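Single-structure report; data block below.
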Amino acid sequence: MSAQPQWEHIDVTRRPAEVPATGAQAGSDRIAARVVTAVALTSIAAGAIHISAASTLGKGDAQNLAFFGVVAAAQIVWGLVALARAPRWWLVLGVLGNAVVMATWIVSRTVGLPFGEFKGVVLPVGYPDALATALEAVTIAGAAWLAVRGSVPAASAARARGFALAAAVVIGALALTGIVSQANALSGGGAGGQNVPGAPSGGAYGGGGSSSGGSTGGYGGY
């Protein structure tokens, strides 16, 4: 009996090779890193303006101090965490939180809030509050886009150092103008807004009461 070679069955089915990230994917991640860096910085900038509002409007007013203090802390913490890591739930939280603050501002400047010290009073629009609201709008739009996208690179600022530095300079300068304007409006410098005779005393976001019973326009008591 002749020996017959025994061939083991070899599966030669081709398997798809793992393909490294394409240039398009890398470009998409780079854009996402820049967007999350920008929205984190705009949130921090809005929080800085709210700190200024808390330090000015919060003097002798526990309600304003608590409101602006909590909002400022939330926006700054959210931005700092987002710079390091921004999972989808954190992005959604940022969208919702800033949307609440922004909606509160819009109502207070259009029909008046239904509660609080300035119930039913339409507060004047000033530069600091308008700037903070614009920064919040950017945060909402960017965070919403990132949440829909799903994945965001971790340590985004480190991945886009040049962009992060440039964005920090521009956004930081904008925030500084809002902070200075807020302080000037309260001290009567008038840099932050317009004189609004019909506004309640202290009812401007950065507006202190004047001797004539009017108010220097600025960031109102929401």
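Evaluation of His50 against the conditions (1) crowded, with 22+ Cβ neighbours inside 10 Å; (2) out of contact with any Lys or Arg (no Cβ under 9 Å at 6 or more places or on another chain); (3) not in a helix (DSSP H, G or I) shows that the sole unmet condition is (3). Among the residues of the stretch 45-78, the ones that are among the small types (Gly, Ala, Ser) and touching a residue at least 40 places away in the same chain (Cβ under 8 Å) come to 5 in all.
Yes or no: the stretch 171-180 includes at least one residue that is closer than 30 Å to Pro124 by Cα, assigned to a helix (DSSP H, G or I) and over 18 Å from the mean Cα position of the chain (by Cα). Yes - at least one qualifying residue is present in the stretch 171-180. For the stretch 147-158, state whether one or more residues are in contact with a Pro (Cβ under 7 Å, 6 or more places away or on another chain), closer than 25 Å to Leu131 by Cα and either assigned to a helix (DSSP H, G or I) or not hydrophobic (A, V, I, L, M, F, W, C) (or both). There is no residue in the stretch 147-158 that is in contact with a Pro (Cβ under 7 Å, 6 or more places away or on another chain), closer than 25 Å to Leu131 by Cα and either assigned to a helix (DSSP H, G or I) or not hydrophobic (A, V, I, L, M, F, W, C) (or both). Return yes when Gly69 is in contact with a His (Cβ under 9 Å, 6 or more places away or on another chain) and either surrounded by 15 or more Cβ atoms within 10 Å (Cβ to Cβ) or in a loop (DSSP other than H, G, I, E, B) (or both) and no when it is not. Yes. If you go through the stretch 72-96 and keep only what is in a helix (DSSP H, G or I), among the hydrophobic types (A, V, I, L, M, F, W, C) and buried (at least 22 other Cβ atoms within 10 Å of the Cβ), you end up with Ala72, Trp78, Ala82, Leu91. If you check Ala167, Ala185 for being in a helix (DSSP H, G or I), of a type in the set (Gly, Ala, Ser) and modelled with pLDDT of 90 or more, only one passes: Ala167.
Being touching a Ser or Thr at 6+ places or on another chain (Cβ under 7 Å) and either surrounded by fewer than 17 Cβ atoms within 10 Å (Cβ to Cβ) or not hydroxyl-bearing (Ser, Thr, Tyr) (or both) is the filter; apply it to the stretch 143-177 and report the residue that is nearest to Phe68 (Cα to Cα).
Of all residues in the stretch 143-177, those touching a Ser or Thr at 6+ places or on another chain (Cβ under 7 Å) come to 156-157, 160, 163-164, 167, 171.
After this cut, where a residue has to be either surrounded by fewer than 17 Cβ atoms within 10 Å (Cβ to Cβ) or not hydroxyl-bearing (Ser, Thr, Tyr) (or both) as well, the list is 157, 160, 163-164, 167, 171.
Values: Ala157: 27, Ala160: 31, Phe163: 30, Ala164: 27, Ala167: 25, Ile171: 20 Å.
Applying the filter and picking the extreme gives Ile171.
The set of residues in the stretch 138-151 that are more than 22 Å from Ala46 (Cα to Cα) and in contact (Cβ under 8 Å) with a residue 60 or more places away in the chain comprises Arg149, Gly150, Ser151.
Taking Val121, is it touching a Lys or Arg at 6+ places or on another chain (Cβ under 9 Å) and assigned to a loop (DSSP other than H, G, I, E, B)? No, not satisfied.
The values are calculated or read from the model by the stated rules, or taken from the named source; none is laboratory data. Treat the numbers as computed from the prediction; the structure is a model and nothing was measured. So basically every Cβ, Gly included, is an ideal-geometry build from the backbone, and we count neighbours across all protein chains shown.
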